[in-house]
1. Applying the selection to the range 251-263, what residues are touching a residue at least 40 places away in the same chain (Cβ under 8 Å) and assigned to a helix (DSSP H, G or I)?
2. If a residue must be within 22 Å of Y566 (Cα to Cα) and either β-branched (V, I, T) or in a helix (DSSP H, G or I) (or both), how many such residues does the range 264-302 contain?
3. If you check every pair at least six apart or on different chains, which have Cβ atoms under 6 Å apart with a residue in the range 13-32 that is more than 9 Å from G55 (Cβ to Cβ) and aromatic (F, W, Y) first and a residue that is open to solvent by 60 Å² or more (accessible area, probe 1.4 Å) and part of a loop (DSSP other than H, G, I, E, B) second?
4. Just name the residue that is nearest to the chain's Cα centre (by Cα) out of those in the range 55-83 that are among the aliphatic types (A, V, I, L, M) and open to solvent by 40 Å² or more (accessible area, probe 1.4 Å).
5. If we scan the range 462-471, do we find a residue that is in a loop (DSSP other than H, G, I, E, B) and open to solvent by less than 20 Å² (accessible area, probe 1.4 Å)?
6. Taking into account only those residues within the range 381-424 that are of a type in the set (S, T, N, Q) and not in a helix (DSSP H, G or I), which is most open to solvent (accessible area, probe 1.4 Å)?
7. Look at E520 and say whether it is in a helix (DSSP H, G or I), of a type outside the set (A, V, I, L, M, F, W, C), modelled with pLDDT of 95 or more and on the phi < 0 side of the Ramachandran plot.
8. Considering the range 116-163 alone, what residues qualify as being open to solvent by 50 Å² or more (accessible area, probe 1.4 Å), within 23 Å of R198 (Cβ to Cβ) and not in a helix (DSSP H, G or I)?
Amino acid sequence: METRSTINAILSKFNGTLAEKGYILRAPQKEMLEFCCAQWEQGKGAIAEAPTGTGKSFVYLFLASQYAFQNKANGVNKCAVISTCSRALQDQVERDFKIFQEMYPHIKYAVWKGAANYLCVNRLYGALANPPEYFEPEDMEQLQFLEELLEEVEETDGSREKMPFKLSDRVWNRVCSNGKCCTKDSLYPCYKKLAYKRAERSQVLCVNHTLLATTGIYGGFIHPAQDLSSRIDCDGVRLIIDEAHELLPSIRNAINTTYSLSTIKKQISRLSEPYKTLFSKELLSLTSAFSDLLYEGEKVVITRDTPKAAELTARMATLMLGVSESANSAQQAQQSELLRRYTKSDLKNWETDQIALSSGGNKLLEYVTTFPHNAFLTLQLQNGKVVYDYYPFEFTPELQGIYRLCEAPPIFTSATLVPIGAKEAMERLQVTPENVSVKIIQQGYDYLNTVKGYIPKLKDARDPEELAKWLRPIIELTLGNTLVLFTSYKTMFETADKLGDLQEKGYTFCIQEPSLNSNELITKYKKSTRSVLFGNVALWSGIDIKGSKLSNLVITKLPFHNVDEYTKAYSEYLEEKGESPFYKYMLPEMLDRFKQGLGRLKRDAADKGLIWLLDPKISTASYRAYVIDKLPVMKWKVLKSPKEIPEPEPIRKWLGISESLIDENEPF
């Protein structure tokens, strides 16, 4: 495909079908399209940072659709895979697919999610016949109601989001596919398999980052047509990664490895003698030693400062290697050598260099034989079971493995991809300037005339008393319709408690809790008048509330990660390598989240609003230049006292806020 002809073909559709539906091509959107298209057709990748409102999804959907269309016209089956960070965003892409299906009627589009997102009718009937003991009467009512509505389910793809009513997590976990629940002889449709077949036959496929990582790392494919078992010929795959700032955390979670003594026990039970007796004896000894070391629920991070735990980990690693080698050794000579080795060492005093020579991909073995440790390893006693969790710090082999499955480097898009600079962005994504270019698209919205910014002078943004003193008039200024973002649940709860007098005045507080579904919270916020949304972690990104319903955004504190055990371990790892943990990890992560938080306010060109930055570090910290660089181009006013907050009436009139602000056209 030639770049200019491809762009012209896309523009003709944009100015035709999409224009008829009311979509307008914006200048930043066109700039991003031309950049990505030029890179794509040269067989190169792109890192495109574009702010909220650019219309990134239409850019990459056009790119993917035109690629599939052009290749199909030439008799070649090449596919485009779009990966985004969550199932909710997959649902948004699926809605856009319907529009693109009109423009590209001969292209097959599909959305593919992990197995646990699909209903298993076999498990549903199993739960009805033998309900779990922990089920409450309302759980059984949900099961029975779902059975009555199965005909409606058959008209959907069987995913949780398409169920005819909302199922509780407890019920869904009992009726969703677990990957092994359906057989060839099943009497009922297997929605997981049907989704896989649709994905396999598609030319444009949308997945999420977790599924991309899982299939790419462990399955050796990113599109099911690449799977060796597929009967469909795949001539090549191109990859587009949206919300690419979330890719690395998704990969880290996907390659998190869990080891437990109970799993090893099952493996030992399948061995023949004398290995079975030998390894069972060591397992019993290890179990006793772990019980003496840990109490229920305790989590230990394995480091040089935990010698006893490290010693038991080395024994555990040795045992795992012995079980694995014994199970895989078919020749008698090999078995004799293994038996001599393990009997002689009694599995306790085996030298670490021997372990290193035989690691065979076992992560525990790699961990106990390398320093600085390139992973975060924890040991915990859970319900009487010893469990290890392994989180690597570096993912270069995994990332490169995914990239090798594509015929060219990926296109990366996000609103926060280049927090520090182009070089750092490339290092994070493990790409090189020889085959990937970086472009930062400037903001498309007019913040200067539609958003007012304020920087109050607080002494301590962690003090609930001081926060409440400022937040009370800020919230009343816009009659609620406010999102307040925190970095600590404790501070958020205490601050909301000190603002209780506002609830007596008719304000509705929607407070995020760790166990509460964010979608339910946002629905409550949209339906309520004078509503205030208090958010932490999850609400810094991914929520889309347009219009006057969200006119007021308050960021209480710069969103640095809490310094947990993982952060400490990773920081020590970077220091051992001679790198700065702050500038390499903590600051880029914070800037990513900060820019995502800023993007919650203005979701449409016509939206107006206020932004308040309460953290004094914005003005005083040594890294403030990086923070200021992420702020939209707009006017900012410093306030020394709550008395300097603007008068309500002019602000409300400018924002178009009235006493009742429920958008009747907003789908709940």
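1. Once the filter is applied, which keeps residues that are touching a residue at least 40 places away in the same chain (Cβ under 8 Å) and assigned to a helix (DSSP H, G or I), the range 251-263 yields I251, R252, N253, A254, L261, S262.
2. Number of matching residues: 4.
3. Final answer for the pair search is none.
4. Among those residues, the one meeting the criterion is V76.
5. No, the range 462-471 has no match at all.
6. By that ranking, first place goes to N383.
7. In short, no.
8. Correct list: E154, E155.
The values are calculated or read from the model by the stated rules, or taken from the named source; none is laboratory data. Keep in mind the model is a prediction, meaning the values are calculated, not measured. Using ideal geometry, Cβ is built from the backbone for each residue, glycine included, and neighbour counts are taken over all protein chains shown. Calculation scope for accessible area: heavy atoms of the full protein, side chains included, ligands and nucleic acids excluded. Shrake-Rupley method; radii C 1.70, N 1.55, O 1.52, S 1.80 Å.
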